[in-house]
1. What spacing in nm lies between the two simple spin-label points modelled at ARG120 and PHE257, each 7 Å away from Cα in the Cβ direction?
2. On full extension of the chain, what length is gained from ILE218 through LEU12, given 0.36 nm per residue of separation minus the C-alpha to C-alpha distance?
3. To the nearest 20 debye, what charge dipole does the chain have about its Cα centre, counting +1 at the Cβ of each Lys and Arg and -1 at the Cβ of each Asp and Glu?
4. Among all stretches of the chain without exposed trypsin sites (Lys or Arg not before Pro) (DSSP loop, at most 11 other Cβ atoms within 10 Å), which one is longest?
5. Quick one: putting +1 on the C-beta of Lys and Arg, -1 on the C-beta of Asp and Glu, what dipole do you get for segment 76-196 around its Cα centre, in Debye to the nearest 20?
6. Which order do peptides 49-57, 227-235, 260-268, 159-167 fall in by mean Cβ count within 10 Å, highest first?
7. Assign one of three labels to segment 1-116, namely rounded, prolate or oblate, based on the Cα gyration tensor with a ≥ b ≥ c the square roots of its eigenvalues; rounded applies when a/c is under 1.5, prolate when it is not and a/b is larger than b/c, and oblate otherwise.
8. How high is the relative contact order of the chain? Use alpha-carbon pairs under 8 Å, at least six apart in sequence, and give a whole percent.
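Laboratory data are not the source of any read-out in this text; all were calculated from the coordinates shown. This is a predicted model, so every value here is computed, not measured. Here Cβ is always computed from backbone atoms with ideal geometry, including for glycine, and neighbour counts include all displayed protein chains.
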Amino acid sequence: MTIAVFTLIILLGAFLAGLIGSLSGLGGGIIIIPLLTIFLNVDIHYAIGTALVSVIATSSGSAAAYVREGITNMRLGIFLEVATTIGAVCGALLSTIAPTSFIAVLFGLTLIFSAINSLRKKSEHVVKESSPLAEKFRLSGTYPSHDGQLIHYGTKNVVGGFSMMGIAGMMSGLLGIGSGAFKVIAMDNIMRIPFKVSTTTSNFMMGVTATASSVIYIQKGYIEPGICMPVVIGVLLGAMTGAKVLVKTNPKKLRLFFSVLIFILAVNMIYNGLSGKI
């Protein structure tokens, strides 16, 4: 296979990854890593490094729009980013010494969890009062409703959410994904943040978390520009296309379809990990 053909395959694959990630809400990294490892036989460490770079690119682009619209809780995001950054660095360091088969199996299990979580019915609950610790750190906020009115919300269980964020960061650094499912659980289920705020704040945090992890991968030599460049371009184009398609289609049916696809990829990753092919 020539370099030109290899690059073209990665570019097209990354476009599909960005498209699927945007439509399913799970991000492109969950597709990029199986594409590179299973279909193109790229070492999983290089695949993870490439996925982290793509997470930085996509998060930076979409996060700016959410911040501008006033949905993202930046103070909450910066506070929780302390936990995710520490976790991301620990996860990245662990990834460089962990067996590749272990990483592949864990990645597959995480994909299954993320796919199931994306199908859960999301409720836009609003907690009016914050816990004393949340009040001390001023983590409550407001976000605009569909009719332009500002909705005030409070925050609960700061310690529990902070701890879950550390785990989310570790999974991001270890597996090269945005670990949005874990971050949304931390904010939505534990801290009782409204779903719209938790998803946008999670997106805001992903870029910083991935940047912290990528520093370790750069030091270890696992960031390959020849692979990263077409992946970043493809994922960005795919995510932009997905955003346009999502407006005209039924998101529930799309999530169901792509969750099945992701489940198949997850089983494939687990099988290849257990059989020692990765």
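1. Result: 2.5 nm between the two label points.
2. Length gained, ILE218 through LEU12: 71.7 nm.
3. Using only the charged Cβ atoms, the result is roughly 600 debye.
4. For trypsin sites (Lys or Arg not before Pro) (loop position, at most 11 other Cβ atoms within 10 Å), the longest site-free span of the chain is 129-278.
5. Dipole about the Cα centre, nearest 20: 180 debye.
6. 49-57, 227-235, 159-167, 260-268
7. Oblate, because a/c is 1.5 or more while a/b does not exceed b/c.
8. Normalised by residue count, the contact order of the chain is 38 percent.
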